[in-house]
Amino acid sequence: MPTPPPAAGAGLLNDWLREESADFKAWDIGGQERVRFEYRSGMAVAGSSGAVDFSRLSPDNDFLLFRTKIHLGYNSPCNWFSVYAEGRDSRDLNDKRRSLAGTSYKPEEDTCDLQQAYVRLGDAKTFPLTAKVGRQELAYGDERLVGAFDWSNMGRVFDAAKLRYETTDLWVDAFSGRVVIPRDDTFNTVNDYDWFSGIYASTKTLIPRQETQLYFLARNASAQSPTAFALPPPALFPLVGARDIYTVGLRVKSTPGEWQGWDYEAELAGQFGRFVDAGKSLDQQAFAAHLAGGYTFTKTTATPRVGLEYNFSSGDSNPNDGKHETFDNLFPTNHKFYGFMDFLSLQNLHDVRLATSAKPAKNLTLTLDYHLFWLADTHDSFYAVNGTPRTTSGYGINPTYNSFVGSEIDLVASYAVKRWAALQAGYGHFFRGDYVKQSLGASGSKDADWIYLQAVVNF
């Protein structure tokens, strides 16, 4: 689940300063402290002999994650100029995972680095064109393809430039930039060989009672991308191979409260271009789809909601036909969508999700989700949450295996202690399916369990 924002206010320090003096209304001074404990069983421990999901040989892992953010922003009195800078310190205590076997590098540790630093020019209230330049988060739609990845102990940012055209009827963003690769003990820099650009438009007036979004995204990575750094990056930030992939998509979502308790959303995305595999240039021909709907019992105690969701992404049906049909998941926040245990991405996937939620108390929200997962095509790989294929210990291209990967159940409780503080707890269990059992075979497989406790304070 994403980090819950404060219910109101701009953080303890901002609220106090603005109450003390009206001069501080132009300033944004504050930060966030987040602490999370996780226990994992049956989940890969990177950098060890048990680095395989669902393996009986994989050791249990329990650890603490600490993330501190401190920011300073200023908005000019005429509102046409603002600056923002944010530092981040991410620490990982007692984690058995390693970014690289035989090293001390941890996949979710990056101490004292620059998270964001940008300048914003323009005021949309007086002129529709504004600009934002510098290190920044990019997040569009529900972050299925482009997201800030806030669940991570480090998050995702880009060194980018973005132009926005905005009126009362629509907004259109045009952006281009390079993803920043977190690396502990050094100042974080971008992958110079992996460019990401796009045009994203949104309107709430084209079709009444819904938001309609259209987008075109381009990812252009050269052959130097996989070797951009001397040491491999953290597992959650892989360096991709050469590709020129273009994504065209449509997303629609119902306006809250407009359908008497009902809600819906859908997204379709198609990809074309070029994908290089083992030195061969292949035609990219892939697509993905998302469809969801639900009903909230607004007049019932605890306002329960029940929803049904289906997600699909294509896989490669034939590795020798000159085409690459595996969908490129781009830069998503996958944690929110395909099981909170983070086993899967939007690649070669069928996912059916039953989603339920309720608010038994004013500040308490409970969610219970159940997923069923299949591979879209067993001629392709079983992809991890970071977009890389599983290729060891029996995983790989197994066209004769059953396509059913398994099912997952997730229970999450979120409690808003104050407007500036929140607690969250969750449990997940993955019931392995025939594909996992067949892949691991004689080495043995087991179900996976996951428990977490998290506290967030916005100061």
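The values are calculated or read from the model by the stated rules, or taken from the named source; none is laboratory data. Keep in mind that what you see is a predicted model, and the values were worked out from it rather than measured. Ideal geometry is used to build each Cβ from the backbone, glycine not excepted, and the neighbour counts take in all protein chains shown. Quick note on the areas: whole protein, heavy atoms, side chains included, nothing else; ligands and nucleic acids left out. Shrake-Rupley method; radii C 1.70, N 1.55, O 1.52, S 1.80 Å.
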ask   = Which of the lysines could a cross-linker span from Lys437 if the Cα-Cα distance has to be under 29 Å and same-chain partners fewer than 8 positions apart are dropped?
value = Lys96, Lys336, Lys446
ask   = Within the stretch 194-215, what residues put their amide N at less than 13 Å from the label point 7 Å along the Cα-to-Cβ vector of Leu170?
value = 200-207, 212-215
message = Using the Karplus curve 6.51 cos²θ - 1.76 cosθ + 1.60 with θ = phi - 60°, what ³J(HN,Hα) values do you get for each residue of the stretch 412-429, in whole Hz, with x for Gly and Pro?
response = 10, 10, 10, 10, 8, 5, 9, 5, 10, 9, 8, 10, 8, 9, x, 9, x, 9
In Hz, Karplus ³J(HN,Hα) per residue of the stretch 316-332 (6.51, -1.76, 1.60; θ = phi - 60°; x = Gly, Pro) = 7, 7, 8, x, 10, 9, x, 10, 10, 9, 7, 5, 8, 6, 6, 10, x
message = Can you show me the helix-derived [θ] at 222 nm for the chain, built from DSSP H runs with n ≥ 4 at -39,500 (n - 2.57) apiece and divided by the number of residues, rounded to the nearest 500.
response = -1000 deg cm²/dmol
ask   = Can you run phi through the Karplus equation (6.51, -1.76, 1.60; θ = phi - 60°) for the stretch 25-40 and list ³J(HN,Hα) in whole Hz, with x for Gly and Pro?
value = 5, 7, 9, 10, 10, x, x, 8, 10, 10, 10, 9, 9, 10, 10, 10
note = With the 8 Å Cα cutoff and a minimum separation of six or more residues, the chain has a relative contact order in percent of 13 percent
note = Length gained if Tyr264 through Asn363 is fully extended, taking 0.36 nm per residue and subtracting the Cα-Cα distance, is 33.1 nm
request  = Grab the Cα-Cα distance for Thr300 and Val352, subtract it from 0.36 nm times how many residues apart they are, and report the gain in nm with one decimal.
outcome  = 16.1 nm
message = How many angstrom lie between the Cα centre of the stretch 408-440 and the Cα centre of the stretch 331-364?
response = 9 Å
message = Rounded, prolate or oblate for the chain? Axes are the square roots of the Cα gyration tensor eigenvalues, ordered a ≥ b ≥ c, and the cut-off for rounded is a/c under 1.5.
response = rounded
query = What FRET efficiency do you get for Ala124 and Asp192 if R0 is 30 Å and r is their Cβ-Cβ distance, rounded to the nearest 0.05?
reply = 0.40
request  = Counting only heavy atoms of the protein chains, get the accessible area per residue of the chain (1.4 Å probe) and round it to a whole Å² value.
outcome  = 44 Å²
query = Got the relative contact order for the stretch 356-428 handy, in percent, Cα pairs under 8 Å and 6 or more residues apart?
reply = 33 percent
remark   = So Leu411 and Gln224, fully extended at 0.36 nm per residue minus their Cα-Cα distance, gain in nm 63.1 nm
note = Computed from the beta carbon distance with a Förster radius of 51 Å, FRET efficiency for Ala442 and Phe81 to the nearest 0.05 stands at 0.20
R0 of 30 Å, Cβ-Cβ distance Val248-Leu308: FRET efficiency to nearest 0.05 = 0.70
Amide proton proximity set for Ala46, modelled H, under 5 Å, gap of 5+ = Arg98
message = Give me the percent of accessible area attributable to carbon and sulfur for the chain, probe 1.4 angstrom.
response = 61 percent
